[in-house]
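The values are calculated or read from the model by the stated rules, or taken from the named source; none is laboratory data. Owing to the predicted nature of the structure, the values given are computational and were not obtained by experimental measurement. Every residue, glycine as well, gets a Cβ built from its backbone with ideal geometry; the counts of neighbours run over all protein chains shown.
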Amino acid sequence: MYIYWTAEENRKNALMEFKYTEDNLLEIEQYFDTVVSNIRNKNFEVKDSPDTGKVCRECDFRFFCSQNGIIKFKAKDIEEE
Ligand code: SF4
């Protein structure tokens, strides 16, 4: 199975391959459900804010976060390209 990181600047590092079996698919599904549950219950802590000029700039939630004061952006950081 592959994940392609679209924002990766170095194309050699953009494609990530990982092996899986039927057994670890179930384990991954359970882990994902736990992560979603923790997010929905607000059971998490942001220890290091993301880089607004790089990570947030590529994120689909940047306008939501900006409008709700979750993180402060410089106008140039959230412009559409
Ligand atoms: S825009 Fe918001 S959701 Fe997206 S990376 Fe930044 S802080 Fe996180």
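Screening the candidates PHE44, PHE32 for the property of being assigned to a helix (DSSP H, G or I) and on the phi < 0 side of the Ramachandran plot yields one hit, PHE32. So, PHE32, is that one of a type in the set (A, V, I, L, M, F, W, C), away from the ligand (no atom under 15 Å from the Cβ) and surrounded by 10 or more Cβ atoms within 10 Å (Cβ to Cβ) or not? Taking the combined requirement at face value, the residue satisfies it.
One residue stands out in the stretch 36-81 among those that are more than 9 Å from the ligand (Cβ to nearest atom), at pLDDT below 85 and over 22 Å from GLU9 (Cβ atoms): the one that is surrounded by the fewest Cβ atoms within 10 Å (Cβ to Cβ), namely ALA75. When the stretch 8-30 is filtered for residues that are under 25 Å from GLU58 (Cα atoms) and without any contact (Cβ under 8 Å) to a residue 12 or more places away in the chain, the ones remaining, listed by number, are GLU8, GLU9, ASN10, ARG11, LYS12, ASN13, ALA14.
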